[in-house]
Structures are given as C-alpha cells and as structure tokens.
Amino acid sequence: MSLAQRDDAYHTYADYLAWPETVRYELVDGVAYLMAPAPVLDHQHIAGEVYYQLRRSLAGKPCRPFIALVDVRLPKHDEADERVDTVVQPDVLVVCDPAKLDRRGVRGAPDFVVEVLSPATAGHDQVRKRRLYERSGVKEYWLVHPTDRLVIVYRLAGDEYGKPDIQELSGETPVGVLPGVAIAWDEVVSGLWPQEL
C-alpha cells in the first residue's frame, strides 16, 4: 500500500510549517505524503522499547536518541530551512553531532534511524525512505518487521547501502555506528501481541 499524496504541488518546509497540526505529512523531494493513522500497539511498543534501550545505553554520551514525533530536515545543499523540500519523522533516531539539533528538531542526517513497519507504511519505508536516507548519509538504517519478527539492517558503505543484513528478533543486534550499543530483542518481543496463525 502506498501513502496518499496531499496534492500534486511542490512543497517546502515553509509550507509544511503552515499546515494544521491535526494532519501529519512527510515531505520527500517536495512531495507531501499523508502519514498513516496511529499505528497499532506493537508498533508503538517496539519503537518505545528500542528508544528506551538506546537512551539507557547512551546516557552520559554525546549521541542523543529521539522518538517520533521529531522533524528531521534533510537539505540537499546549504539552502535555508524554509526552502528545504524534505522533512521526515522517523520512529526512532540517534544524532551524534549537536550542531544538527535546534528547537525545530534535526537539520541533517541522523547517524542511526529505525523505522517500524506497518502495512500502510511498509512500501514507503522500504523503498522511498531507504533511498532518501542513503542519499542523505544516514550511516545505519533499520527496518523492523513486527509481524515477521525480523530486522533488516542497512549500513552505509561509501555513498550507498551495502547488502542488507536480515536477522530474526532474537538475541542482540549491535548498532554498528554506536560502539558498545546493542538492542536486546527478547525485551522487545516479550511485549508484543501473540502472532496470529
């Protein structure tokens, strides 16, 4: 399933800031995509638990974890904020460069991004946002599949993501760009709804 577009117009962050807060959009190359309705509890549980583990592991360190909703502006060059045409809201992200943080959120590529897939966003996250994060320089991108109980890990090698590493949600998965940090999946999976047969 593909996310609906707001319209056929080209939009920037200036437009985005003027829209009502009751409807959420992400901008990708000037196209406004309507965000899906509130996700199911498994989605929220996974994002919350991953954020909690990151926060615990990064306490007292310069890298800062965040959980949605946080606007991440991804300029293509050095354009002013109002001219930026790509603004996304990852489920979980980590930023290690404090110069990328301001009151509005993040300007520039986070070091680490986690998206939890749902039927409404799977194609958007796996294709469009994967290309976007790769192009923008996100060093590590994880896609967590709650239903299949899998995580797909993309790591930046040069200017592109190498072959994805696909793992079951069991044991631990180290975060390559955050030395000494790993996500313990047993803590995550224990709070999920039982799988349907």
Exercise for the section: Specify which of the listed residues (Asp78, Asp15) is open to solvent by 40 Å² or more (accessible area, probe 1.4 Å) and in a loop (DSSP other than H, G, I, E, B). Expected result: Asp78
Problem - Residue among Gly123, Gly105 that is in contact with an Asp or Glu (Cβ under 7 Å, 6 or more places away or on another chain) and within 29 Å of Val40 (Cβ to Cβ) - result: Gly105
Exercise for the section: Taking Glu187 as the residue in question, decide whether it is modelled with pLDDT of 95 or more and at negative phi. Expected result: no
Handout entry: Answer residue from the stretch 27-38, given it is open to solvent by 50 Å² or more (accessible area, probe 1.4 Å) and outside any strand (DSSP E or B) and is modelled with the highest pLDDT among those
Key = Asp29
Handout entry: Test: residue in the stretch 107-114 that is more than 12 Å from the chain's Cα centre (by Cα) and at pLDDT 95 or above
Key = yes
Completion exercise
By residue number, the members of the stretch 97-128 that are in contact with a Leu (Cβ under 8 Å, 6 or more places away or on another chain) and assigned to a loop (DSSP other than H, G, I, E, B) are Gly108, Ala109, Pro110, Asp111, Leu117, Ala120, Thr121
Exercise for the section: Name the single residue, out of those in the stretch 142-184 being in a loop (DSSP other than H, G, I, E, B) and surrounded by 18 or more Cβ atoms within 10 Å (Cβ to Cβ), that is modelled with the lowest pLDDT. Expected result: Pro146
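The values are calculated or read from the model by the stated rules, or taken from the named source; none is laboratory data. In this text, all values refer to a predicted model and were calculated from it rather than measured experimentally. With ideal geometry, Cβ positions are generated from the backbone for all residues, glycine too; neighbour counts draw on all protein chains shown. Protein only, heavy atoms only, side chains kept; ligands, DNA and RNA dropped before computing areas. Shrake-Rupley method; radii C 1.70, N 1.55, O 1.52, S 1.80 Å.
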